[in-house]
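**Q** First the structure, then my questions, so here it is.
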Amino acid sequence: MNKSGKTILFILALITLPVTVKAGELVTLETRPGVTQGFILIKQANPEASVILFAGGKGDLELSTDGGKPEIGWGKNNFLVRSRALFVKQGFTVAVVDAPSDQKSYQGMKGGFRTTPAHVEDIDQVIKYLRKLAAVPVWLVGTSRGTESAAYIAYNSKQHPDGIVLISSMAEENKNGTAVTEMPLEKIKIPVYVVAHEDDDCWVTPPIGTEIIFDKLVNVKRKSLKMFTGGDEPISSACKARSYHGFLGIEENVVKHIAEFITAK
């Protein structure tokens, strides 16, 4: 191969390198008597908006610090957790929320905590904190079981988030929480972006459920449904993050579309 060919390959390799994750900082707020809410904060000097990211599953990221740098003990592969730098790249201040200090059991926030006034109170304090940092819209972005949090808080919050994004939404009744399809979605009036992958085989997040959720948002003036296709072949089970359920291989494209909806005038 000649020198120019090697140069082209080197440039292409740089282009395809993954986005470097900014470490950010670990913030801990006192939200309820004797309870704290932690989150990784990655700040922008002049953000387009602030986004609060809710991982799926138990939601307990087991956050800690190592020499001031936030460390994630669980959920590193979650779509939103591993894509947090992509949201930063889009100009957002990012808060990746952990389970609160009173939900640190093996089950974390499973079993119904995501649809409680206590959860709303915790996240309202995070919203308030972000608004003090910058006078920009605050959006809630949830994936999988994290959509329970985003949807429930949307119609119960006293801090009134500016919009929500529901990704691979919980759409089937199950013992670990409340399906978004079972919620009174007519109470939501803020903008909603609903996202799914047409090949998501996770039994609790079927793509058809996304359409049911979208149709139930009867009082939302600005809403959109985006069904993605393609990506890499799954390297995890259907309900785990490194599959179509977690948009493996198309993360940047998904985040780009989310950012466009959030920032649309």
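**Q** Less than 19 Å apart at the alpha-carbon level, and either on another chain or at least 8 residues along: which aspartates and glutamates does that give for K256?
**A** Straight-line reach from K256, under 19 Å: E48, D162, E198, D232.
**Q** Please compute the modelled spin-label separation between E182 and I212, points set 7 Å along Cα→Cβ, answer in nm with one decimal.
**A** Going from the I212 label point to the E182 one covers 1.1 nm.
**Q** Which of Y152, Y106, Y193 moves most in a GNM of the chain, Cα contacts under 10 Å?
**A** Its mean-square fluctuation being the largest, the pick is Y106.
**Q** Quick check: Cα centre of segment 83-150 to Cα centre of segment 44-62, how many Å?
**A** Each part's Cα centre sits 6 Å from the other's.
**Q** Something else: Of K104/K265; K76/K187; K158/K240; K58/K158; K132/K216; K69/K189, which sit over 31 Å apart, Cα to Cα?
**A** On the way: K104/K265 40 Å; K76/K187 33 Å; K158/K240 33 Å; K58/K158 25 Å; K132/K216 33 Å; K69/K189 38 Å.
Long pairs (Cα-Cα over 31 Å): K104/K265; K76/K187; K158/K240; K132/K216; K69/K189.
**Q** If you roll a 1.4 Å probe over the chain with all protein chains in place, what percent of the accessible area is carbon or sulfur?
**A** C and S fraction of accessible area: 51 percent.
**Q** Per residue, how much accessible area does segment 106-167 show when a 1.4 Å probe rolls over the protein heavy atoms, in square angstrom? Walk me through the numbers before you get to the answer.
**A** On the way: 2120 Å² over 62 residues.
Heavy-atom SASA per residue in segment 106-167 reads 34 Å².
**Q** With a Cα-only, solvent-free Debye model of segment 45-97, what are the log10 I(q)/I(0) values at q = 0.22, 0.24, 0.25 Å⁻¹?
**A** Here the Debye-derived log intensity ratios amount to -0.86, -0.96, -1.01.
**Q** Separate question: With the Cα gyration tensor of segment 116-180 in hand, convert its eigenvalues to equivalent ellipsoid semi-axes via √(5λ) and list them largest first in whole Å. Display every interim value, and only then the final one.
**A** Numbers: eigenvalues 104, 31, 13 Å².
The answer is 23, 12, 8 Å, longest axis first.
**Q** Here is a further query. Ignoring ligands, DNA and RNA, what accessible area per residue does segment 224-265 give at 1.4 Å, in Å²?
**A** Spelled out: the 1.4 Å probe surface of segment 224-265, per residue, equals 51 Å².
**Q** In what order, largest first, do K110, K43 sit by accessible area if the probe radius is 1.4 Å?
**A** Values: K110 70, K43 110 Å².
Heavy-atom accessible area, descending, gives K43, K110.
**Q** Tally Lys and Arg at +1 and Asp and Glu at -1 over the other residues with C-beta under 12 Å from the C-beta of P161: what net charge comes out?
**A** On the way: positive: K128, R131, K158, K189; negative: D124, D162.
Once all neighbours under 12 Å are counted, the net charge is +2.
**Q** Something else: Report the label-to-label distance for D162 and L225 in nanometres (one decimal), using points 7 Å from each Cα along the Cα→Cβ vector.
**A** If labels sit at D162 and L225, their model points lie 2.7 nm apart.
The values are calculated or read from the model by the stated rules, or taken from the named source; none is laboratory data. These numbers come from a predicted model, not from an experiment. When we count neighbours, we look across all protein chains shown, and the Cβ atoms used for this are built from the backbone with ideal geometry, even at glycine. Ligands, DNA and RNA are excluded from the accessible area calculation, which covers all protein heavy atoms including side chains. Shrake-Rupley method; radii C 1.70, N 1.55, O 1.52, S 1.80 Å.
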